Amino acid sequence: MKYTGPKAKRCRRQGTNIYGSDKYDKILQKKPQPPGKGPRTRLGRKSQFAQQLTEKQKVRDIYGLSERQFRNIYDESVSSKGQTGDVIKQLLERRLDNVLYRAGFALTRLQARQFTSHGHFKVNEQRVTIPSYRLKEGDKIEVREKSKSSPVFSPILEAHEKYMPPGWMKVNSNAMTIEIVSLPDPESAEQAIDVRQVVEYYSRK
C-alpha cells in the first residue's frame with residue numbers, strides 16, 4: 001500500500017481520512033504519524049494560530065473547497081441568524097456533492113463532484129452540473145435515466161446496502177433518489193471537524 005502519495009500524505013498530516021475512501025483509513029492505521037524525516041519533525045506543540053490554520057485547511061480538504069469558496073461560506077455564516085459554526089456546518093452539508101456522498105451514491109466526495117460535473121444527477125427534474133449547488137428542504141435528487149445503466153454505480157449500490165444515510169434525507173437506493181426532508185442539524189454534520197477553530201481563525205484576520 002502506498003503511504004507516500006500526495007493524498008496519503010495529506011491524510012496523515014491532517015490525522016484523519018479527508019477523502020472518505022477506505023484505503024486511507026487503512027493507511028492511517030498503519031502510519032498514523034505525520035509524514036516527515038524522523039521524530040524530530042513531529043516534536044513541539046503547535047501555536048493556537050497554527051492549530052486553527054490546520055483545522056481550517058482540513059475542513060477545506062474534506063469538502064474540496066478553494067480558499068475563496070470557504071471564506072465566502074464563513075462570511076455568509078457571520079451575517080446569518082444562528083451560531084456561526086452551526087451555520088457553516090449546515091451550508092457545507094447542503095452542497096450537492098456532499099449530499100450525494102452522504103446519501104451513499106458516491107464512494108468519496110471527489111467522486112460525487114465528478115458525477116455532478118458529468119451531469120449524472122437531476123435536482124427537481126433539472127440537470128445540475130454544479131457540485132456546490134445548495135439544496136433546500138423539499139428538493140428531490142435523482143439519477144438521470146441515461147446514467148442509471150452506467151457500470152460505475154453497480155459497486156456503489158452494493159456498498160449502499162450496509163450504509164445508513166443521515167436522518168435529514170430520505171434515500172431510495174433502488175430508484176436512486178434522494179429527498180431533502182429537513183435542513184441538516186449540526187450534530188449530523190461531518191464529525192471529524194472542529195468548526196470552532198475555523199471560526200476563531202477567520203475572526204482574527
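FYI, it's all coordinate maths here, none of it is from the lab. This structure is a prediction, so every number in the text was calculated from the model and none was measured. Here the Cβ positions follow ideal geometry from the backbone for every residue, glycine too, while neighbour counts run over all protein chains shown.
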Next on the checklist: Give me LYS146, LYS58 sorted ascending by neighbouring Cβ count inside 10 Å, so fewest comes first.
Outcome noted: LYS146, LYS58
Checklist entry - Given LYS46/LYS136; LYS56/LYS81; LYS56/LYS146; LYS46/LYS170; LYS58/LYS81; LYS58/LYS136, which pairs have Cα atoms separated by over 30 Å? => result LYS46/LYS136; LYS56/LYS146; LYS46/LYS170
Next on the checklist: Let's test the formula: R0 of 22 Å, r as the Cβ-Cβ distance of THR54 and GLN114. What FRET efficiency results, to the nearest 0.05?
Outcome noted: 0.20
Next on the checklist: Under the 0.36 nm per residue contour assumption, what length would be gained going from the current alpha-carbon distance of GLN83 and VAL128 to full extension?
Outcome noted: 13.2 nm
Item to check | Euclidean distance between Cα centres, region 118-151 to region 70-103, Å | outcome: 20 Å
Next on the checklist: If neighbour count is taken as other Cβ atoms inside 10 Å, put THR129, THR84 in order from fewest to most.
Outcome noted: THR129, THR84
Checklist entry - Based on the Cβ-Cβ distance of GLU187 and LYS136, what FRET efficiency does E = 1/(1 + (r/R0)^6) give at R0 = 22 Å, to the nearest 0.05? => result 0.65
Checklist entry - Label GLU179 and ARG68 with points 7 Å out from Cα along Cα→Cβ: what is the distance between them in nm? => result 3.8 nm
